[in-house]
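Scroll down for the structure; my scribbles are underneath it.
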Amino acid sequence: MAATVRGFNRERLAELRVEGGLSREELGRRSEVDPSVLSRWESGEKGPSPESLARVARALGVVSADLIRIPPDERTLADLRELAGYSQVSLAKELEWTPDYLGKIEKGADLDDARAQHLAHFLRTDTETVLAAHDRVVVQALQERLNRAARRRAAAAAS
């Protein structure tokens, strides 16, 4: 099963579809997404993959970011990838990286400036945005490690 886009705004999708005077059937035809799938997105039963969200956004005359609730200053590399309409596998192929390598970078592995610039090109953003998104994940991963260590210390002290 394809990964779904984090922060997908189902209400905004329905709003844009109705404002555009489109039925689910017509939007489905224009985006090549089955109307029953669109219905499940709008009901919250299911979320879109990055690629299908990009097709629907184009059919609505907007960009994927218009259908996402994540503020720009909270977006991770995975969020930027999804906003650009890529799954991890499809972006890795474009970058000529392995999906495993891209996954490690998205989880906070070292990212040098040259690779950040290369990534920014495919994500249709600037290098600073890529580096800031990467830094968010690095900080989050470090915080999680510190929290685990503190819990272990507390458990050891209690026993």
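Data overview
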read-out	value
Among the residues listed as Arg24, Arg30, the single one being of a type in the set (D, E, K, R), surrounded by 17 or more Cβ atoms within 10 Å (Cβ to Cβ) and in contact with a helix residue (DSSP H, G or I) (Cβ under 7 Å, 6 or more places away or on another chain)	Arg24
Candidates Ala156, Ala132, Ala120 - the one that is surrounded by fewer than 13 Cβ atoms within 10 Å (Cβ to Cβ) and in a helix (DSSP H, G or I)	Ala156
Subset of segment 119-159 (residues that are of a type in the set (Lys, Arg) and in contact (Cβ under 8 Å) with a residue 60 or more places away in the chain)	Arg136
Selection within segment 46-67 - more than 19 Å from Ser36 (Cβ to Cβ), buried (at least 17 other Cβ atoms within 10 Å of the Cβ) and not aliphatic (A, V, I, L, M)	Pro50, Ser64
Any hit, segment 71-83, residues being crowded, with 16+ Cβ neighbours inside 10 Å, at negative phi, part of a loop (DSSP other than H, G, I, E, B) and under 19 Å from the mean Cα position of the chain (by Cα)	yes
Given (1) of a type in the set (S, T, N, Q); (2) exposed (fewer than 15 other Cβ atoms within 10 Å of the Cβ); (3) at pLDDT 95 or above, index of the condition Gln140 fails	(3)
Residue selected from segment 6-21 under the condition under 19 Å from the mean Cα position of the chain (by Cα) and of a type in the set (D, E, K, R), by the criterion surrounded by the most Cβ atoms within 10 Å (Cβ to Cβ)	Arg10
Enumeration of residues in segment 95-118 that are among the charged types (D, E, K, R) and touching a Leu at 6+ places or on another chain (Cβ under 6 Å)	Glu106
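The values are calculated or read from the model by the stated rules, or taken from the named source; none is laboratory data. Source: prediction; values computed, not measured. Every residue, glycine among them, receives a Cβ derived from its backbone with ideal geometry; neighbour counts consider all protein chains shown.
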